[in-house]
Each structure stands twice: as structure tokens, then as C-alpha cells.
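The values are calculated or read from the model by the stated rules, or taken from the named source; none is laboratory data. Quick caveat, the model's predicted, so the values are computed rather than measured. Every residue, glycine among them, receives a Cβ derived from its backbone with ideal geometry; neighbour counts consider all protein chains shown. Calculation scope for accessible area: heavy atoms of the full protein, side chains included, ligands and nucleic acids excluded. Shrake-Rupley method; radii C 1.70, N 1.55, O 1.52, S 1.80 Å.
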Amino acid sequence: MKEKEKEKEKVEERYTQWKSLVPVLYDWLANHNLVWPSLSCRWGPQLEQATYKNRHRLYLSEQTDGSVPNTLVIANCEVVKPRVAAAEHISQFNEESRSPFVKKFKTILHPGEVNRIREFPQKSQIVATHTDSPEVFIWDVEAQPNRNAVLGAATSRPDLVLTGHKDNAEFALAMCPSEPFVLSGGKDKCVVLWSVHDHISTLAVEEAPTVKQGSKSGGNNAKATESPTIGPRGIYQGHTDTVEDVQFCPSSAQEFCSVGDDSRLILWDARVGSAPVVKVDKAHNADLHCVDWSPHDSNFILTGSADNTVHMFDRRKLKSSGVGSPVYKFKGHDAAVLCVQWSPDKSSVFGSAAEDGILNIWDYEKVGKTTDSAGSKSPNTPSGLFFRHAGHRDKVVDFHWSACDPWTIVSVSDDCESSGGGGTLQIWRMMDLIYRPEEEVLTELDKFRSHIFGCNS
């Protein structure tokens with residue numbers, strides 16, 4: 001018990017220190033208290049651009065205790081543009097309250113708790129969800145009726161149900177950036193691929209009148225089983241334990257990768273059959289939780305593990321024999337890594353989130369550089385690490401870089417351990433002086449210096 005108290009004190013101390021530094025480290029930050037934890041957070045489409053801020057859809061969930069239904073939440077979110085927010089304003093937030101920048105727009109009553117949400121990049125109003133079942137649910141969130149989350153209400157009806165897993169598929173879920181393909185992994189040790197091409201075109205074009213009728217006649221009493229179902233295009237076997245995450249190759253809809261509790265990283269190619277193309281048997285020294293394939297260079301793949309590290313693999317250096325070493329190992333977490341994602345803004349940058357409550361931002365080009373931008377290399381700074389987001393006080397279960405607002409991240413923590421319930425959603429952007437080229441930053445600071453001295457003379 002004393003150990004737990006000590007840990008809590010340490011976390012609070014770290015958090016207090018972080019909050020005092022918010023005006024210095026962040027260009028913008030919104031803190032939103034969630035009544036129920038959300039295990040996933042994703043950006044939807046941008047709705048409008050204004051002078052000082054942009055409006056976006058945001059996808060979240062509510063993982064409840066059963067007293068009210070589990071939900072998929074569509075929120076509207078305002079993102080303040082760079083260099084607009086006053087430093088003193090962004091640090092003045094109350095941890096217990098909701099953010100004025102995040103407003104719930106629509107609630108979908110989800111069959112079971114939402115473990116993961118993924119959107120189609122080419123049609124981001126089409127969303128896939130994973131729950132504790134073998135099925136994957138597909139939702140057209142704009143066409144779905146808004147529902148009231150009251151006990152006993154019938155669940156919303158998915159627009160499509162994907163079948164093919166033989167056991168629960170809880171986390172591993174990915175959407176293809178170029179084709180309407182969905183990928184999933186589960187406890188059956190399989191990776192399953194679907195094409196939803198025919199369904200997606202009808203969903204988005206007709207504005208789904210069938211769903212609207214359903215909301216009157218069957219929407220309140222129809223079960224998820226009455227949704228149209230679709231079987232797999234391919235089933236891929238090569239893992240010996242639960243598949244925890246999957247990802248498409250950004251440059252090829254036929255290539256994808258998967259990681260699992262068997263410590264394996266496997267690369268697949270649908271054109272050459274259902275056997276692994278490349279297999280790394282011991283990608284880490286423990287279960288693998290997450291994987292991401294670089295959108296900038298399709299040779300680079302990131303993996304995150306229960307061994308607290310992130311590994312970066314170059315697929316040109318992997319063998320089909322099961323042997324392969326990472327080109328980089330990133331050590332900056334004190335607990336299992338739950339989520340990794342490449343930045344859309346700079347090809348060498350990526351983020352990693354972990355059970356230690358920290359979201360680290362790394363740059364592999366900084367690995368081995370002797371000094372940081374302040375001119376001094378702190379001896380205990382992990383190699384490649386250049387920013388630590390310490391705004392969460394419990395495990396960071398998901399985060400997502402914005403494709404529209406540069407260097408803007410949404411992250412969510414499940415606060416059940418620290419505060420006994422709920423979660424924290426944060427939308428944030430570090431100060432641009434931290435990531436811009438050093439010469440550029442020094443030139444700008446020099447201008448300020450001459451301005452300040454000019455005012456004083």
C-alpha cells in the first residue's frame with residue numbers, strides 16, 4: 001500500500017512540475033475531463049477553417065460500468081491555430097472540468113465496449129470499431145442517428161459487420177490509406193483482411209436512407225446482428241499468440257504487418273498468398289503491443305512493447321528466416337509501450353505512449369547527436385528523445401497526430417488507477433521553437449533580442 005502511495009506522490013509531483021512549465025513548452029493545450037474512460041481517440045474530418053481556429057470531428061468512446069450503455073462518441077473540437085493562444089491562458093485549466101473546445105455532437109450506443117476506433121483516411125466519416133467479440137463493426141457516423149445513452153436502450157445498428165475471426169478480436173485494427181480495405185487481428189492468432197468497396201460506395205453516396213428508416217422502425221430494437229455482414233478477403237496465419245496490432249504499408253494496399261504476444265513482427269503480402277513474407281521472431285524481449293509503418297519511407301516500421309522500448313526496423317535488413325535486428329532502440333519509458341505513431345509533419349519524428357503516463361516525441365535523426373538545441377546534452381536524456389508530454393497522470397492508451405493542423409496531437413489516458421475513474425483527453429501542440437531548425441529559431445530569437453534591447457535603451 002505504501003508503494004502505491006509513494007507512486008501516487010511521485011506522479012503528482014511530476015504533474016505539478018509539468019503544469020508549471022505549460023506556458024513555456026506549449027503553443028496550445030486543451031484539457032478535457034472524461035466521466036468514463038475512452039480507450040481510443042481519433043481525428044475525423046476537418047469541418048471548417050476560421051481566422052484563429054479550425055473545427056474538426058473527434059472520435060472517442062465511453063467505457064462504462066454497465067449502469068449506462070457503452071458508447072461511440074462523435075465530438076466537435078476547436079483547434080486554436082499556432083501562435084494565437086496567450087501563454088497564461090493555456091495553463092489555466094481545471095483538471096475536473098470539461099474543455100470549452102470539445103463538445104459532444106453525437107452518441108452511438110455501441111454493442112459492447114469500444115476498445116479501438118479507426119477511420120478511413122479517404123472517407124473519415126466511415127469508422128471501424130473493435131469490441132470484446134470476433135466481429136468488426138463499420139459505422140457511417142454522419143448517417144447514424146443520435147442516441148440517448150440510458151440504461152436499457154437498444155444498441156445502435158452498425159452499417160456493416162465484418163466476420164471471419166474465430167475468437168475475440170479486441171485491439172488490432174487498421175484501415176488502408178488508398179483502398180477500402182480493413183485489417184484486424186485477434187485471439188485466434190489470425191490476421192484478417194476485408195474489402196468493403198461495394199458497401200462503402202453505397203454508404204457514403206446514398207447518405208444511407210436505409211439507416212434513417214431503421215432509426216424509426218428498427219433503430220431502437222434492432223440488434224447488431226441484423227446489419228449486413230461481409231466475409232473476409234483473406235486470412236493470414238503465422239502468429240503463435242494473440243495479434244495485438246496491425247498496419248497497412250502506406251505505399252501498397254496489398255502489403256501489411258502485424259505484431260503479437262508471441263514477440264513477433266510479421267510482414268505479409270496478399271499477392272503472394274497467406275504465408276508470412278518476413279518474420280522477426282524476437283522483435284522485442286516481451287509481448288508487442290503496437291506497430292506503425294512510416295508514411296514517408298515504406299522501409300521503416302516502428303514497434304512498441306511490454307519491455308518498455310520502441311524499436312525501429314528497416315525492412316531491407318530483415319530476413320524471412322525469422323532473424324532481424326532493429327536499426328534503432330528507443331528507451332525512454334518506465335512501463336509498457338501501448339501506442340506508436342509516425343508524425344505526418346516530419347519524416348524522422350514519431351510519438352510513443354505508455355503505461356507510465358508519458359507521451360514521448362522522438363526524432364531518429366537526433367540519435368547520437370552530442371548536443372541538444374540548448375547546446376548541452378543532459379547525460380540521462382534518452383537518445384533521440386526531444387519532447388516529453390507529461391500532462392497525463394495515468395496510462396496513455398491512445399494518441400493521434402492531426403493530418404490538418406501541423407504538430408497537433410490528441411491523447412487520452414485511462415485514469416482508473418490514479419483517480420478511481422474516468423479519463424483525460426488532451427489536445428496539444430508543443431512550442432514551434434522546439435522542433436524548428438536551430439538556425440531559424442536562433443535568427444528569430446535574435447530579432448527579439450535586438451527588439452528588447454532597443455526598447456530598453
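Criterion first (of a type in the set (Ser, Thr, Tyr), in contact with a Phe, Trp or Tyr (Cβ under 9 Å, 6 or more places away or on another chain), open to solvent by 30 Å² or more (accessible area, probe 1.4 Å) and under 30 Å from Ser298 (Cβ atoms)) does Ser184 satisfy it?
So Ser184 does not fit the description; no.
What is the number of the single condition among (1) of a type in the set (D, E, K, R); (2) within 13 Å of Val73 (Cα to Cα); (3) within 18 Å of the chain's Cα centre (by Cα) that Glu119 does not meet?
With respect to (1) of a type in the set (D, E, K, R); (2) within 13 Å of Val73 (Cα to Cα); (3) within 18 Å of the chain's Cα centre (by Cα), Glu119 is out only on (2).
Does His289 satisfy being in a strand (DSSP E or B), closer than 25 Å to Gly186 by Cβ and in contact with a Gly (Cβ under 7 Å, 6 or more places away or on another chain)?
So His289 passes the test.
Going by the conditions given, is Arg116 in contact (Cβ under 8 Å) with a residue 12 or more places away in the chain, in contact with a Phe, Trp or Tyr (Cβ under 8 Å, 6 or more places away or on another chain) and basic (Lys, Arg)?
Judged against the criteria, Arg116 is a match.
Considering each residue of segment 149-194, count those that are acidic (Asp, Glu) and farther than 18 Å from His239 by Cβ, and give that number. Quick ask: steps written out before the conclusion?
Filtering segment 149-194 for residues acidic (Asp, Glu) gives 159, 167, 170, 179, 188.
If we keep only those that are farther than 18 Å from His239 by Cβ as well, we get 159, 179.
Total meeting the criteria: 2.
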